[in-house]
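The values are calculated or read from the model by the stated rules, or taken from the named source; none is laboratory data. Treat the numbers as computed from the prediction; the structure is a model and nothing was measured. When we count neighbours, we look across all protein chains shown, and the Cβ atoms used for this are built from the backbone with ideal geometry, even at glycine. The accessibility values were calculated without ligands, DNA or RNA, using every heavy atom of the protein model including side chains. Shrake-Rupley method; radii C 1.70, N 1.55, O 1.52, S 1.80 Å.
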Amino acid sequence: LVINLIFNLLLMKPLVYMGPPLASSLAAFLNVSLLAFFLKKRGALTLDFQAKRTSLLACVSAAGMAAGLVCASSLLHFPSMFLTRVIWLCGMVSLGSVIYAIFLHFFKLADFASILTSVRRRVSMKR
């Protein structure tokens, strides 16, 4: 909580409205990293090769998604009108989901059939 507050104060001014979400993400990442470090130090956390491989490939997939979204946002500039901003944001979220799913499928971490089944299940639960 204290780290989140510090990151918020540091990032709020230079990044304006993007500062607090980034601060929360960085604080959560630091929290998980410290938890993993101390659990591993005590011998309570052991990861086999498959878990390490899966984690690494998921991180590569996330980086690939981020790179794809950065490229897309440089081509599709952020609009000025509210409605077009909402449409732009929905499009970017959808594009990010598709890119991430492609990476997961490529690395054989998930296949499209299981992803579509999961999405359909969530949509049907909300109805």
Among the lysines, select those whose C-alpha is under 21 Å from the C-alpha of residue 126, and discard any that sit fewer than 8 residues away in the same chain. none
Taking a crude spin-label model, label points 7 Å out from Cα along the C-beta direction, the residue 120 to residue 36 distance in nm is 3.4 nm
To make sure I understand the rule: partners must be lysines, Cα under 24 Å from the Cα of residue 108, and not fewer than 8 residues away in the same chain. Which ones qualify? 52
At 0.36 nm per residue, minus the direct Cα-Cα distance, what do residue 47 and residue 106 gain on full extension? Give it in nm, one decimal, please. 18.9 nm
Amide H neighbours of residue 110 at under 5 Å, excluding residues fewer than 5 places away on the same chain, with H built from the backbone geometry, are 105
Debye, to nearest 20: dipole size of the range 49-127, +1 on Lys, Arg Cβ, -1 on Asp, Glu Cβ: 360 debye
Under the rule of -39500 (n - 2.57) per DSSP H run of 4 or more residues, summed and divided by the residues of the chain, what mean residue ellipticity at 222 nm is obtained, to the nearest 500 deg cm²/dmol? -28500 deg cm²/dmol
If you plug each phi of the range 33-47 into the Karplus form 6.51 cos²θ - 1.76 cosθ + 1.60 with θ = phi - 60°, what whole-Hz ³J(HN,Hα) values come out, in order, with x for Gly and Pro? 4, 5, 4, 4, 4, 6, 5, 5, 4, 7, x, 8, 10, 10, 10
Along the range 110-123, what does the Karplus equation 6.51 cos²θ - 1.76 cosθ + 1.60 (θ = phi - 60°) give for ³J(HN,Hα), rounded to whole Hz, x for Gly and Pro? 7, 10, 4, 4, 5, 5, 5, 4, 5, 5, 4, 5, 5, 5
So, R0 is 35 Å and r is the distance between the beta-carbons of residue 60 and residue 86; what FRET efficiency does that work out to, to 0.05? 0.70
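Just want to confirm a number: the relative contact order over the chain, from Cα pairs under 8 angstrom separated by 6+ residues, in percent.
Details: 60 pairs, mean separation 21.6, N = 127.
Computed over the chain, the figure is 17 percent.
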With the other protein chains left in place, how much accessible area per residue, in square angstrom, belongs to the chain at a 1.4 angstrom probe? 80 Å²
Of the accessible area of the range 43-89, computed with a 1.4 Å probe and all protein chains kept, carbon and sulfur make up a percent value of 77 percent
Under Karplus coefficients 6.51, -1.76 and 1.60, residue-wise ³J(HN,Hα) of the range 62-71 in Hz, glycine/proline x: 5, 5, x, 5, 4, 4, x, 6, 5, 4
